[in-house]
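**Student:** First the structure, then my questions, so here it is.
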Amino acid sequence: AGPVTAPATVPGAGSVGDGGPGGAPAGGTGPGAGEPAGAAGAPGRPGVGAYPQVGVGETKLALPPGAGGVPGPRPAETDPTTELELARRYADESDRHGQQAELLAQRPALLPTWSPVARALAVYAGCAAVAAVLMVVMVLASGVGLVDGFTLGAWICAGLPALSFFAGYLVLGRWGRPAMVAGAPPRYVHLGFLICFVAVPVAYVAYLLLFRLLR
C-alpha cells in the first residue's frame with residue numbers, strides 16, 4: 001500500500017461540471033449545454049425572434065408634416081413693387097377691353113362696318129329687289145289669267161313699292177340700331193321712299209323691254 005497519487009490532468013481540458021478555463025461551465029448557457037445561446041438561437045420557440053414583426057392589419061403611425069421639430073417651407077416674400085406693377089397692367093388691360101366693348105356696342109348688328117347712309121341704301125335696295133321679283137311673278141300670273149290688268153297695275157305702282165318701303169323701314173329699326181344709342185336710328189325715309197317707289201316700276205318697264213327684245 002504505497003502512497004496514492006492524483007490523476008494527471010490534460011492542460012486545456014476540464015472535467016465535466018467544472019468551470020475550468022478550457023471547459024464549459026456547469027449549467028452553462030452555450031450551445032449544446034442545454035440552454036439556448038440567445039433569442040436567435042432558439043428556432044421553433046413561439047414569440048421569440050431577432051426582430052419584431054409587424055402583424056397583419058396593423059397600421060404604422062405616420063407623423064404629420066413638420067412634426068418632430070422639422071419646420072415646413074416658408075412662403076416666398078412678395079415684392080410690393082412687383083405687385084403694384086401687376087395691378088397697373090391688369091387695370092390697363094381691363095380699360096382696353098372696356099373700350100373695345102363700348103366700340104362694339106356702338107355698332108349695329110346689320111352691316112356694322114358700313115356707314116348709316118350706305119346701310120339704308122342697301123336695305124331699301126334689297127327690299128325693292130324682292131318686290132321686283134314678286135312683280136315678275138304677278139306678271140306671269142297675269143299672262144295665264146290669274147291676275148287681271150287693273151290688279152297688276154295697282155300692285156306695280158303702289159302695292160309692291162309700299163310693301164318694300166315698310167319692310168326696309170322695319171329692318172333698319174330692328175337691326176340697324178346700335179345697342180348703346182338711345183332713341184330711333186336714322187332710317188332715311190325720303191331715300192327709301194324714292195328707291196322703292198321708283199325701282200319697282202322701272203323693273204316692270206325693263207321686264208317689258210326685255211320681253212319684246214327676246215320675242
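**Student:** List the number of the failed condition for residue 113; all other conditions in (1) under 29 Å from the mean Cα position of the chain (by Cα); (2) modelled with pLDDT of 85 or more; (3) part of a loop (DSSP other than H, G, I, E, B) hold.
**Tutor:** With (1) under 29 Å from the mean Cα position of the chain (by Cα); (2) modelled with pLDDT of 85 or more; (3) part of a loop (DSSP other than H, G, I, E, B) applied to residue 113, the lone miss is (1).
**Student:** Quick check on region 109-120. Is at least one of its residues of a type in the set (Lys, Arg) and exposed (fewer than 13 other Cβ atoms within 10 Å of the Cβ)? Full working, then the answer.
**Tutor:** Of all residues in region 109-120, those of a type in the set (Lys, Arg) come to 119.
Next, only the ones that are exposed (fewer than 13 other Cβ atoms within 10 Å of the Cβ) stay: none.
No, region 109-120 contains no residue that is of a type in the set (Lys, Arg) and exposed (fewer than 13 other Cβ atoms within 10 Å of the Cβ).
**Student:** Given region 132-215, what helices (runs of 4 or more DSSP H) lie entirely inside it while holding 3 or more residues that are out of contact with any helix residue (DSSP H, G or I) (no Cβ under 8 Å at 6 or more places or on another chain) and surrounded by fewer than 11 Cβ atoms within 10 Å (Cβ to Cβ)?
**Tutor:** Numbers: elements: 149-154, 160-175, 189-214.
Once the helices (runs of 4 or more DSSP H) in region 132-215 are filtered for at least 3 residues that are out of contact with any helix residue (DSSP H, G or I) (no Cβ under 8 Å at 6 or more places or on another chain) and surrounded by fewer than 11 Cβ atoms within 10 Å (Cβ to Cβ), what remains is 189-214.
**Student:** Please identify the pairs in which a residue from region 194-215 that is closer than 9 Å to residue 161 by Cα and free of Cβ contacts under 8 Å to residues at least 60 places away in the same chain has its Cβ atom under 6 Å from the Cβ atom of a residue that is surrounded by 14 or more Cβ atoms within 10 Å (Cβ to Cβ) and among the hydrophobic types (A, V, I, L, M, F, W, C), counting only partners at least 6 apart or on another chain.
**Tutor:** none
**Student:** For region 77-110, name all the residues that are closer than 30 Å to residue 186 by Cβ and among the aliphatic types (A, V, I, L, M).
**Tutor:** Result: 101, 103, 104, 105, 109, 110.
The values are calculated or read from the model by the stated rules, or taken from the named source; none is laboratory data. Quick caveat: nothing in here was measured; it's all calculated off a predicted structure. Please note: Cβ atoms are built from the backbone with ideal geometry, for glycine as well, and neighbour counts cover all protein chains shown.
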